[in-house]
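One structure is given below, encoded as structure tokens.
Throughout, read-outs are computed from the coordinates displayed, never taken from laboratory work. Worth saying up front: this structure is predicted, and the values here are computed from it rather than measured. Every residue, glycine as well, gets a Cβ built from its backbone with ideal geometry; the counts of neighbours run over all protein chains shown.
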Amino acid sequence: MKASDLFVRALEAEGVDYVFGIPGEENLDLLESLRTSSIRLVLTRHEQAAGFMAATYGRLTGKVGVCLSTLGPGATNLVTAAAYAQLGAMPMLMVTGQKPIKTSKQGRFQILDVIDMMQPLTKYTVQVVSGDRIPSVVREAFRLAHEERPGAAHIELPEDIAAEETDAGLIAPGAVRRPIAEYKAIERAVAMIEGARSPVLLIGAAANRKLTAKMLRELVDKTDIPFITTQLGKGVLDEHGPRFLGNTALSDHDFVHRVVAAADLIINVGHDVVEKPPFFMRPSDRRQVMHINFDSAVVDPVYFPQLEVLGDIANTIWQLKERISPQPHWNFELFRRAHEAYLAHRDESEADERFPLRPEFLVRAVRSVMPADGIVTLDNGIYKIWFARNYPAAQPNTLLLDNALATMGAGLPSAMTAKLVYPERPVLSVCGDGGFMMNSQEMETAVRLGLHLVILVLRDDAYGMIKWKQADMQLPDFGLDYGNPDFVRYAEAYGARGWRVGATEELEPLLARCLEEPAVHLVEVPVDYSLNDEMLNRVIPALSAAL
């Protein structure tokens, strides 16, 4: 059997449905093997977008997403996507080509040490030096990419190795069960929670990766303990009810931070240090912190939990739920007052219908047209804070944002993958004009694939997030403004449908129409970020401090 055929069979044995990428001449044997396989090749217009798509596939399915590039510049274009998957704990495998390694073909032309380049960005990186090694290399790459904490893996398949013959057999994936928490840790955790005065659940990234929602919902239903979320923990539990007290989108001084300050026990479920700290511990604190996760806590100056309960998160929560009893001395009154103040301020700010649109109004409009299972993907910009803070997610992974690498350019590719994985669910991508233009060429890919997508491009003709920081530092406005194309005509040039919002009242009905009519829709919306500095740095801190 040709080694490239064996490689593709190994991918099929791992359950691979898609390979995203751009082949080069060094991949042609592998490309031919893919042609006759059950795997669908999704040809993109840039390798970075292919990597974002593979990582998002891993995030949404829990399976390893696979992307493909050639050597040299194709491989270097995957670097940002590798970091995106590695920091974001998304299982992904990158497959790159290489010149023949047994005989020189073209000197050093296009040859880089891709293995060394990928070393700090992956859990596993290896060059295949023999067709006989393919089964074990592929199995190990998938095993490491998938197991907690998930991340990126990389395999380099040289041109001559792909073409050689091999009689090696496949290695079937084995069943692996995660360890569960030790009973003494569970007993101590129950005692800490029952003995607390005002406990609160903080749901983080790792709780969103596995099927923890059912167990967490049962725990909250039994105990009535309220919960808050990090940006990557959004949607694990329905955020519409009274038990949800907010998201730690801001670093401090928001209404939710009054909840954190008043809690005497923070039950931290799935905390991941790649996120900005949702709270800051100090050695003098009387507050206690419980760390519930697959792995032990990474201790730093602001995070050193008093109890760690390690093992499968869902099983840990189930054990707690079975043993715990609600306590009459629990007091959540200040929590509820803080959340009521947040809701009142949110409603007031979202009612501002000025044009160009304020981001708070925009969040309300998107929330009103998206069903509970609809998926909103965000690129990276100042609007991400407003969506994390103000958009109540009802189900896991229905608001896809990146609070790990926080890269620009991932919003559109993420939406495309979401539509491939869930073709029956509405998908809307929210991008700033800066982030959108970093991978806007993938509109052609979306049109070619026949996807039904809505792309909301927020136009302010500047890098708005950095302008906000610049204003907060009281620095002159400098170096962050740019021009933009006519986005309506730009969309139409790709075969998509382009729309421009010219008045506040046009936005919501236009979004509803685009979600109903199958096509790739781009909706340009002028936004006004001029109040961000005042609202985020002065108004909200003052209102929350007054509680």
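Tabulated values for the structure
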{"item": "Angstrom value of the Kirkwood radius, inverse mean 1/r, which spans all Cα pairs in the stretch 351-538", "result": "16.6"}
{"item": "Order of 431, 514, 67 - criterion: other Cβ atoms within 10 Å of each residue's Cβ, fewest first", "result": "514, 431, 67"}
{"item": "Percent of alpha-carbon pairs separated by more than 20 Å within the stretch 279-432", "result": "67"}
{"item": "Degrees between helix 3-13 axis and first principal axis of the chain (Cα, 0 to 90, nearest 10)", "result": "30"}
{"item": "Euclidean distance of C-alpha centroids, the stretch 347-378 and the stretch 158-211, integer Å", "result": "35"}
{"item": "Cβ-derived FRET efficiency at R0 51 Å, residue 214 paired with residue 111, nearest 0.05", "result": "0.50"}
{"item": "Order by protection proxy (mean Cβ within 10 Å, highest first), peptides 236-247, 479-490", "result": "236-247, 479-490"}
{"item": "Within the chain, percent of DSSP bridges classed antiparallel, to nearest 5", "result": "5"}
{"item": "Low-density loop positions, chymotrypsin sites (Phe, Trp or Tyr not before Pro), the stretch 262-322 - DSSP coil, at most 14 other Cβ in 10 Å", "result": "280"}
{"item": "Cα shape, the chain, gyration tensor, a/c 1.5 rule", "result": "oblate"}
{"item": "Rough spin-label spacing in nm, given labels placed 7 Å along Cα→Cβ, for residue 466 and residue 351", "result": "3.8"}
{"item": "Share of Cα-Cα pairs in the stretch 455-547 lying beyond 16 Å, as whole percent", "result": "65"}
{"item": "Centre separation in Å (Cα based) which lies between the stretch 443-497 and the stretch 278-315", "result": "39"}
{"item": "Amide hydrogen neighbours beyond the local backbone of residue 181, cut-off 5 Å, H modeled", "result": "312, 316"}
{"item": "Orientation-averaged projected area, Cα convex hull of the stretch 66-220 (nm²)", "result": "12.3"}
{"item": "Dipole in debye (nearest 20) - the chain, about Cα centre, beta carbon charges: Lys, Arg +1; Asp, Glu -1", "result": "1080"}
{"item": "Spin-label proximity, residue 188 to the stretch 294-337 - amide N less than 12 Å from point 7 Å beyond Cα toward beta carbon", "result": "305-310"}
{"item": "Full-stretch length increase - residue 140, residue 372 - with 0.36 nm per residue and alpha-carbon distance subtracted", "result": "79.8 nm"}
{"item": "Inverse of mean 1/r across different Cα pairs in the stretch 401-486, Kirkwood, Å", "result": "14.3"}
{"item": "Distance in nm between pseudo-label sites at residue 175 and residue 547 (7 Å out along the Cβ direction from Cα)", "result": "4.7"}
{"item": "Residues of the stretch 248-270 with amide N under 19 Å of the 7 Å Cα→Cβ point at residue 333", "result": "258-265"}
{"item": "Pairs of alpha carbons in the stretch 349-428 whose separation is greater than 19 Å (percent)", "result": "37"}
{"item": "Helix axis angle, 79-88 relative to the chain longest principal axis, alpha carbon, degrees", "result": "40"}
{"item": "Spin-label pair residue 101/residue 473, simplified geometry with 7 Å Cα→Cβ offset, distance in nm", "result": "4.4"}
{"item": "Distance from the stretch 418-435 to the stretch 31-86 (C-alpha centre basis), Å", "result": "18"}
{"item": "Within the stretch 1-106, trypsin sites (Lys or Arg not before Pro) in DSSP loop having at most 14 other beta-carbon neighbours inside 10 Å", "result": "102, 105"}
{"item": "Loop-located trypsin sites (Lys or Arg not before Pro) in the stretch 253-316 whose Cβ has at most 14 other Cβ within 10 Å (DSSP)", "result": "286"}
{"item": "For the stretch 183-334: rounded, prolate or oblate by the Cα gyration tensor [a/c cutoff 1.5]", "result": "rounded"}
